[in-house]
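Worksheet: one structure, shown below.
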Amino acid sequence: MEPPQVARRLRVSRKSAYAWHRAWESGGVEALRSKGPSGSSCRLDDQQVARLEEALDAGPAAHGWIEDQRWTLARVTALIEELFAVSYTLRGTSYLLHRLGWSPQVPQRRAAERDEDAVTTWIKETWPTAERPPGTRTRGSASKTKQASR
């Protein structure tokens, strides 16, 4: 099959089809095999990655960040630098964490000292008395010049 036909069938550019054809002519089927994912390899070895996971599981307080209990990319990057003397960019740290199964999370904005029983009591007893009684609302208008008809 000619490269332009391959390009149409596979919906790729002719340039790609011709490059594949040249590779096939010079190296056969082996030359067309995938060489795996591109990109740089991990700068940490398997033991270092395992040690990093242990450090992350220990939490930020175990490494001096006691003001709040969240791992940020900057903190993890600093931790990697401290433990292994290897510098990562924030994006590189993000890729590494993703590969380890960590994902970005949005923390709940709740105080650690929050008393769930007190909150439940307040919602059931105090909040209903603070709400407006039904029927006291008036219709409004989005227009600044024309008032709502009553």
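The values are calculated or read from the model by the stated rules, or taken from the named source; none is laboratory data. What you see is a predicted model; the values in this text were computed from it and never measured. Ideal geometry is used to build each Cβ from the backbone, glycine not excepted, and the neighbour counts take in all protein chains shown.
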Residues in region 88-111 that are touching a residue at least 12 places away in the same chain (Cβ under 8 Å) and surrounded by fewer than 11 Cβ atoms within 10 Å (Cβ to Cβ) total 3
TODO: Would you confirm whether any residue within region 100-115 is modelled with pLDDT of 85 or more, aliphatic (A, V, I, L, M), out of contact with any Asp or Glu (no Cβ under 8 Å at 6 or more places or on another chain) and not assigned by TED's automatic domain parsing to the domain that holds L52?
DONE: no
Scanning region 14-59 residue by residue, those exposed (fewer than 10 other Cβ atoms within 10 Å of the Cβ) and among the hydroxyl-bearing types (S, T, Y) turn out to be S26, S34, S38, S40, S41
| message | Regarding region 78-87, can at least one residue be identified that is out of contact with any Phe, Trp or Tyr (no Cβ under 7 Å at 6 or more places or on another chain), loosely packed, with under 10 Cβ neighbours inside 10 Å and assigned to a loop (DSSP other than H, G, I, E, B)? | response | yes
When Q69 is run through (1) at pLDDT 90 or above; (2) within 19 Å of the chain's Cα centre (by Cα); (3) surrounded by 10 or more Cβ atoms within 10 Å (Cβ to Cβ), the failure sits at (1)
